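Questions regarding the structure given below will be posed in turn.
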Amino acid sequence: MAGKNPPLLLDETSALPGKHRQKFLYSDLYKNVRKDLIESVEICAQSIKHHELPPRYRVNAQASVYLNTFWLWTLEYTAGRSLDELAKSFSSVVKEFVIWNELNIPYRRFLSERFKDRGETDLTICAVDFDNRIEYQNALQLISIAILLRDEVSVNRIISAMRSNRHVDALYEQVIADYVQDSRGDMDEVIFDEPYGTLVSAYFQEDLSAASAPIQRYLKNWYRYQEGARWYDAHKRIKEDCAFYYGYWAFEAGATCYLLDIDDTDIVHSVYPKDLVFYGKRLRDNSSG
């Protein structure tokens, strides 16, 4: 279960912890958003401890713990927190993600018993619904960050938790191809063609020097396809230094550049996590040197 202390409680700072990575964030907004996220994690974590909480509410509460922890990590990245600090704390996000999926199993057992007259319920189905565009994007971001941090333990934990989502989406399969034995690197069909089909095409370029073009097209179109996410257009709805703004990041585009070892010198876009890609490449180069 979630611990007593809120995860990712990195040292509090009197202002931004570093040079902000996107222009919309400023000190008071950062502090207020951070405070709200931590409080949300604490409230949901406490509710999970109640034994009388029905399985459905328990799994939903843990989903909130995970998401708010993930958004807290993203906020810290946007606020300029050092990558070394963020790398050390990322396992806290993955832990909450795994717990969410573990709690989904007793919930599905509950459904199986309650609706046993309708047939058996598959207990292996992941809590992440790939047919839900927002959940799909969140999952892509999570696995992509783990890859860019070269956190193979977290990568493997995420893949294991989402094993029921294998072999259904080309982008996910391409991203994890180097980390699984049953790779489906030949897949080219995505669940959501826009905008993800564009990014997948980068993996099928005969000349990798041409792969940066579809990535740049993807970055150009990425944001408009995120409508419906909690944080979408949050920078336009800031009131009294509060908003659901954590940062807008296409981490999966960064993971693609990292995995294909693409020269991203010419890739300049506000949602592209360039320093995180450089960080991952540097760690890789140091480990092979």
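The values are calculated or read from the model by the stated rules, or taken from the named source; none is laboratory data. All figures in this text were calculated on a predicted structure; none of them were measured in a lab. Quick reminder, even Gly has a Cβ in these numbers, built from the backbone with ideal geometry, and neighbours come from all protein chains shown.
Among the numbered criteria (1) of a type in the set (Gly, Ala, Ser); (2) farther than 29 Å from THR69 by Cβ; (3) touching a helix residue (DSSP H, G or I) at 6+ places or on another chain (Cβ under 6 Å), which one does ALA229 miss?
(2)
Could you tell me whether segment 174-191 includes any residue that is in contact with a His (Cβ under 9 Å, 6 or more places away or on another chain) and in a helix (DSSP H, G or I)?
First pass over segment 174-191, keeping only residues in contact with a His (Cβ under 9 Å, 6 or more places away or on another chain): 182, 184, 187.
Add one more test, that the residue is in a helix (DSSP H, G or I), and what stays is none.
No, the conditions are met nowhere in segment 174-191.
Now for a different question. VAL41 fails exactly one of the following numbered conditions: (1) of a type in the set (A, V, I, L, M, F, W, C); (2) over 19 Å from ALA243 (Cα atoms); (3) surrounded by 17 or more Cβ atoms within 10 Å (Cβ to Cβ). What is the number of that condition?
With (1) of a type in the set (A, V, I, L, M, F, W, C); (2) over 19 Å from ALA243 (Cα atoms); (3) surrounded by 17 or more Cβ atoms within 10 Å (Cβ to Cβ) applied to VAL41, the lone miss is (2).
Further question on the same structure: What residue, among those in segment 40-74 that are of a type in the set (D, E, K, R) and in a helix (DSSP H, G or I), is modelled with the highest pLDDT? Walk me through how you get there before you give the answer.
Going through segment 40-74, the residues of a type in the set (D, E, K, R) turn out to be 42, 49, 52, 56, 58.
Filter once more, so that each one left must be in a helix (DSSP H, G or I): 42, 56, 58.
Details: GLU42: 94, ARG56: 83, ARG58: 88.
Selected residue: GLU42.
Kindly indicate the residue of segment 143-200 that is without any contact (Cβ under 8 Å) to a residue 60 or more places away in the chain, buried (at least 19 other Cβ atoms within 10 Å of the Cβ) and of a type in the set (Gly, Ala, Ser) and also farthest from ASN286 (Cα to Cα) among those meeting that condition.
ALA170
Looking at LYS31, LYS19, which is the one that is closer than 22 Å to ALA234 by Cα, part of a helix (DSSP H, G or I) and over 20 Å from the mean Cα position of the chain (by Cα)? Working first, answer last.
Values: LYS19 fails: part of a helix (DSSP H, G or I).
That would be LYS31, the only listed residue that is closer than 22 Å to ALA234 by Cα, part of a helix (DSSP H, G or I) and over 20 Å from the mean Cα position of the chain (by Cα).
Something else about it: How do the pairs read when you match residues in segment 18-29 that are in contact (Cβ under 8 Å) with a residue 40 or more places away in the chain with residues anywhere that are in a loop (DSSP other than H, G, I, E, B) and exposed (fewer than 14 other Cβ atoms within 10 Å of the Cβ), using Cβ under 6 Å and keeping only pairs 6 or more apart or on different chains?
These pairs meet every condition: ASP28/ASP241; LEU29/ASP241.
Find the residue count for segment 231-246, including only residues that are loosely packed, with under 11 Cβ neighbours inside 10 Å, among the basic types (Lys, Arg) and part of a loop (DSSP other than H, G, I, E, B).
Our first condition is that a residue be loosely packed, with under 11 Cβ neighbours inside 10 Å; within segment 231-246, this holds for 236, 239-240.
Filter once more, keeping what is among the basic types (Lys, Arg): 236, 239.
Add one more test, that the residue is part of a loop (DSSP other than H, G, I, E, B), and what stays is none.
So the answer is 0.
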